[in-house]
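Nothing in this text is a laboratory measurement; each read-out follows from the coordinates by a stated rule. Because the structure is predicted, anything quoted here is derived from the model rather than measured. Here Cβ is always computed from backbone atoms with ideal geometry, including for glycine, and neighbour counts include all displayed protein chains.
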Amino acid sequence: MADENDDLILADLSDDELVPQMHDDLYDGMKPEIEEAVHILLERGWTPYDILTKALVEGMRIVGIDFRDGILFV
């Protein structure tokens, strides 16, 4: 899956594409990509609260479900 993201330029994604990409990157533990995406959203005028609730917490909710169900191990 990492090969798919090698050519991906996060800044080129719309907000509607970037947030689900953040969910995927959280799931895959891709810290640098998450940090970059947060900075991109801040530059686009997103509030820290919206970034936290709409992108980061939602992404971790998905991780939590798969962890609970024994699909993902951290």
Sole miss for Leu72 among (1) over 15 Å from the mean Cα position of the chain (by Cα); (2) closer than 23 Å to Ile9 by Cβ is condition (2)
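Would you pick out the residues in the range 48-73 that are of a type in the set (A, V, I, L, M, F, W, C) and in contact (Cβ under 8 Å) with a residue 12 or more places away in the chain? So that I can check it myself, show each step before the final result.
Within the range 48-73, the subset of a type in the set (A, V, I, L, M, F, W, C) is 51-52, 55-57, 60, 62-63, 65, 67, 71-73.
Across the range 48-73, the qualifying residues are Ile51, Ala55, Leu56, Met60, Ile62, Val63, Leu72.
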